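A short reminder: the numbers here are calculations on the coordinates, not readings from a lab. Everything numeric here is computed off the predicted structure, so don't read it as measured data. Cβ coordinates were reconstructed from backbone atoms using ideal geometry, including for glycine residues, and neighbour counts include every protein chain displayed.
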Amino acid sequence: MMSSKDKNEPVGAGQGERIAPEFSRRVPLAKIGRPLKDVVEASAEERAALQERFGLLSLAKLVCVFQLRRGADSIVLAEGHIQAEAEQACIITGEPVKEVVDEQFSLRFVPEADMPDDEDLDIEALLQEDTDDVPYDGRMIDLGEAAAEQLALCLDPYPRREGAGLERFVEVTPSDDELEAHPGEGRKNPFEALKKLKEKQ
């Protein structure tokens, strides 16, 4: 017979169980009978795990303040303020790029049973909303995982070190105005333009 301890232990994804999040702060729904303020902060071990999860060079800080209140039908409304300090690799040079996150956000924790199926999602409507829906099991919401997901959304997807990259590139493709000024020439081969540039040098 499986003990209660065994039932609570996470198992592999192949057995249908979820993998425990690296940063978890679960709050019972019953605790949010009245408006509640909760502050969650990732420990050094949790930050190291999140650093690996998101491919960061470092994660020195992750703190999130939640203002929670009950909505209709077991929905929990949350106003959040996330602060974080991270380093990512520059997409051009690979050098560290420091990033400070300090942003406000809004969430709705919705019971999983009430979340629409993927085929029923209205993508355009979702993009126009300021509040993101986060599924939960109907009993407890996880503020730690919500903060981690918000961090991923706030980080620059294309980190670039100042002074490295695109501003040094040479524009070799003529604009539409240039094509109109010189009809019949068409768009020149960019490699041919680079070859001529090298010959001049």
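Assorted remarks:
- Charge tally for Q51 (other residues, Cβ to Cβ under 10 Å; Lys, Arg +1; Asp, Glu -1): -2.
- Residue separation of S24 and D133 scaled by 0.36 nm, minus their Cα-Cα distance, works out to 37.4 nm of gained length.
- Full extension of the chain segment joining R69 with L36 gains 11.2 nm, where the gain is 0.36 nm per residue of separation less the Cα-Cα distance.
- Rounded to two decimals, the Cα radius of gyration of the stretch 18-154 over 2.2 N^0.38 Å is 1.12.
- For D156 and E95, the difference between the fully extended length at 0.36 nm per residue and the C-alpha to C-alpha distance is 20.5 nm.
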